[in-house]
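To start, the structure under review is shown below, and the notes come after it.
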Amino acid sequence: MSSFRVRPRFNETLSLSQQEFKDNIQGALDSEEGVTGSVSDTYCVLKIPLEERHYWSPQLTLTLEQEEDENKELQVRGLYGPKPSVWAAFFMSYAAIGILILFIGVIGMSQAMLSKPSPILWAIPVLALVALILYLVAQSGQKVGAEQMFRIHHFYEALVKHRVAIK
């Protein structure tokens, strides 16, 4: 489950109605103590119980889409990831690094084209190293939360009664 992918995901089609699926999830959440979550109309979130959660604890976000054709199949898209606040912090860090590299590159190349010294360009490999370190920290955090991710994934597989391949 833990891999080089930033946010593992799956996509499957079930022969259930959206309401039956939501009822199944709610019933499983009510009887299971190892996973908690919330269920709404087209969206479900499965989490680790609060007392076991830590910074790197994963959650599974399920998006439900009922097909409008004659067989009325349910499209389920699952996305594993950290809490939205953790995801946003990493995303904003990458965005800030990207913007800094862009501005430093413009200033440094302008100085270089004017035949002036441009030591500011040395900041680009430093920022690239910071981005790499952030990526490695995210990967190690994913490894820390791997056992909990497996628990959520096995809960979902028990719910749908078949194996689900992660992409």
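Data overview
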{"read-out": "Residue within segment 72-90 that is under 25 Å from Ile25 (Cα atoms) and among the β-branched types (Val, Ile, Thr) present", "value": "yes"}
{"read-out": "Of all residues making up segment 102-117, the number that are in contact with a Ser or Thr (Cβ under 7 Å, 6 or more places away or on another chain) and assigned to a loop (DSSP other than H, G, I, E, B)", "value": "0"}
{"read-out": "Among the candidates Leu62, Leu127, residue that is at pLDDT 95 or above, within 18 Å of the chain's Cα centre (by Cα) and not acidic (Asp, Glu)", "value": "Leu62"}
{"read-out": "Odd one out for Tyr80, checked against (1) farther than 23 Å from Ile166 by Cα; (2) surrounded by 11 or more Cβ atoms within 10 Å (Cβ to Cβ); (3) modelled with pLDDT under 95", "value": "(1)"}
{"read-out": "Arg77 out of contact with any His (no Cβ under 9 Å at 6 or more places or on another chain) and assigned to a strand (DSSP E or B)", "value": "yes"}
{"read-out": "Residue in segment 90-111 that is farthest from Gly141 (Cα to Cα), counting only those that are aliphatic (A, V, I, L, M) and in contact with a helix residue (DSSP H, G or I) (Cβ under 7 Å, 6 or more places away or on another chain)", "value": "Ile107"}
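The values are calculated or read from the model by the stated rules, or taken from the named source; none is laboratory data. Quick caveat, the model's predicted, so the values are computed rather than measured. Reconstructed Cβ throughout: ideal geometry from the backbone, glycine too, with neighbour counts over all protein chains shown.
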